[in-house]
Structures are given as C-alpha cells and as structure tokens.
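This report concerns only the one structure given below.
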C-alpha cells in the first residue's frame, strides 16, 4: 500500500527542488527563462540517468561526427533529410543528441511517430533533429482556431502530427540552423514520408480508416514567446501561425518515479490505470490529475509555464478543408529549396555578421558532457 501522506510530501518536496512555489498551486518563482530551465532540470537528469549506459556506449561514435565550428563553411552546407529507422546508425545519433542537447526533457512518444535527422553531407555531420508524434486529442487553442467540429475531432487530429523535438545541433545552431529545421516541418518530404508510412492507418478511438494526408503540424515554444517560430517565413509566406498560448499544464514536473507511485496509489483505490498503446499523453495527464486530486493537490497538473502554440499548415486552404470538406490545395515546398532559402536568408548573413559562431569546440562540449554522465 502506498502511504498517502508520504507520497504527498514527496511531490511537494520535488516541486520545491525544481524551483516551484505553491501558492496555492505550483508556479515558477520568476518568469525568467533561466527559472523555467531550472524547473525542468531534475526531470532531464532523471531521464539521462535512465539512459546512461546507452549514452556512454555511443559517446565516442557521436563525438567523432561532431565538428568544430571553424571547420564548417556555411556556403557549402549540403543537407539530406533522413527518416530515422529503428536499429540504424541514424537512430543512435538521434537518441543521443535528443537526450543530451535540449534543456527540456524528452517525453517518450505515443501513437503515431516519425523521426528525422538532417545530415550535412559536405561536412559529414548531424545538423538537426525533428521528432513527430500523435497530438493530444483535445486542445482548445488548436480546436477553436481551426473550427474543428467536436464529432470529427479524431478525424482531423489524426491528419496532423505534433512536433515534440525541433532544433539544430552544434555548431549549426550558431548560424540559425534551427530556422531551417523549423522550415523543414513544412516540406513536401515530411508529408510524403507520412503518406508512405501511414497509408493503411486506422484511428484508435473510432476505428476509422483515413486517407494518409498530413494536413498540418503543431508545436509549442520551449519557454514563453518563441524566437524560433515567431515571424518564420519562406519567401513571402508565413510558415508558422501563432495560435496563442497553452494553459500551462503537463507532466514534466512530476518525475517518472513519482508517476509510478501515483499509479500504484490509484490502483490501491481500485481505479483502472491502463497505460497501453492508444492511451497517450492525454491519458497520462488525466491519471496524474486524478491522483493529485485524491492527494488533496487539485490543479497541481498546472505547472504555470505557458508556451506559445504554433500551427504549420501543409495545405493552403486548411480551414476550408476541415470546415467545408474542400479538396486540399497543397503547398509546394521541396526541402532543397527551403535549404537554399535558409542559407541566403539566415546562415550566410549570420556567419558574416557574427564570426564568433566558429568558436564552438567539440572537445570542451564533450568533456563537460562526460563529467555530467560520471556524476549521475
């Protein structure tokens, strides 16, 4: 039997260690991004510790393919967009950087999922990552903006994906490589890869067979207002539409260990806690919310870190498709054209304006990472 008092104290202590105050519900001590990062460090280190053996076993392999900034010539960057396959070398690169590089801890994907690695063939180095997964079924900021009928929610959500991981790796991040990774969400190659993978997809909830058309992709900023997605354009077209802000709820501030104890606590109460395929992030959040409520911590699933919510339409008439069943009119955005645009618009001007971007030294970065792994 889980001791209710002890579990409640553990949760409150964990929140305090992350920099939250409870007055009466969790809130970050300040609205600074440094505070937001601190709030997620315990969850991040917990996750890294769980994968420590994998990270150490592949440390040298990943290190060998990382490049010092001074060896990268922006004009000659030539990228390939690779869909990551299981048990491949690309998967090793994806997993390693996904765990190490971001301050926001990686959440295991649910439902449909696709991973992409952007690779610089000229310099033989990983450039950036894209991780897509099934979106949550209900999200008011998205559903209202698109006018999705309630009885068709599963149809249109299952014609979309949520980008959980979007970003450039060092040293490419210093020449605004993240802008290209974000633009890649709108590429023809992403939606064509989706069509190949999910040509026979059947929805879990309503058991519907849908055409494998990826109509839009959603994502959120890391902390508050996004410098990556804000005013993101391809030529004269707005690529990422800001839909507003999330409500500031989630599960990162509840560690996986505490989540397991909450599940055991709910089982003791005789509550069904199914966590199998088809019971994704929405289900996890509901279970956490229910457990916290039983513990007298109502609304503690709200962590108060609101994020900007962005929509990447892949068709020109998205709202008409959803609301009036019009035939999709697809954007034409080949990856190679997006890449060329990024180099001229962002990479080359940035490299000329801020030559200190070349100061990235992989030895320094990997020594710091090695020290962190030893201390976990």
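The values are calculated or read from the model by the stated rules, or taken from the named source; none is laboratory data. All values derive from a computational prediction rather than experimental measurement. Don't worry about glycine lacking a Cβ; one is built from the backbone with ideal geometry, like all the others, and counts go over all protein chains shown.
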Within segment 295-304, is even one residue surrounded by 13 or more Cβ atoms within 10 Å (Cβ to Cβ), at pLDDT 70 or above, under 24 Å from the mean Cα position of the chain (by Cα) and not in a loop (DSSP other than H, G, I, E, B)?
no
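Here is a yes/no grid of residues against (1) surrounded by fewer than 19 Cβ atoms within 10 Å (Cβ to Cβ); (2) within 23 Å of residue 374 (Cα to Cα):
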{"site": "63", "(1), (2)": "yes, yes"}
{"site": "83", "(1), (2)": "yes, no"}
{"site": "89", "(1), (2)": "yes, no"}
{"site": "97", "(1), (2)": "no, yes"}
{"site": "110", "(1), (2)": "no, no"}
{"site": "118", "(1), (2)": "no, no"}
Of 137, 185, the only residue that is surrounded by 21 or more Cβ atoms within 10 Å (Cβ to Cβ) and within 17 Å of the chain's Cα centre (by Cα) is 185
What is the one condition in (1) closer than 30 Å to residue 264 by Cα; (2) at pLDDT 90 or above; (3) in a loop (DSSP other than H, G, I, E, B) that residue 67 does not satisfy?
(1)
Of the residues that sit in segment 327-344 and are touching a helix residue (DSSP H, G or I) at 6+ places or on another chain (Cβ under 8 Å) and outside any loop (DSSP other than H, G, I, E, B), which one is farthest from residue 79 (Cα to Cα)?
330
Of these, 58, 78, which one is at pLDDT 95 or above, surrounded by fewer than 18 Cβ atoms within 10 Å (Cβ to Cβ) and more than 30 Å from residue 334 (Cβ to Cβ)?
58
Of the residues 360, 335, which single one is within 24 Å of residue 66 (Cβ to Cβ), touching a residue at least 24 places away in the same chain (Cβ under 8 Å) and touching a strand residue (DSSP E or B) at 6+ places or on another chain (Cβ under 8 Å)?
335
Select from segment 305-326 the residues that are within 25 Å of residue 191 (Cα to Cα) and either more than 24 Å from the chain's Cα centre (by Cα) or in a loop (DSSP other than H, G, I, E, B) (or both) and list them in ascending order.
314, 316, 317, 319, 320, 321, 322, 323, 324, 325, 326
Inspect segment 143-161 for any residue being in a strand (DSSP E or B) and modelled with pLDDT of 95 or more and give the result as yes or no.
yes
Test result for residue 330, in contact with a strand residue (DSSP E or B) (Cβ under 7 Å, 6 or more places away or on another chain), under 26 Å from residue 183 (Cβ atoms) and surrounded by fewer than 20 Cβ atoms within 10 Å (Cβ to Cβ):
yes
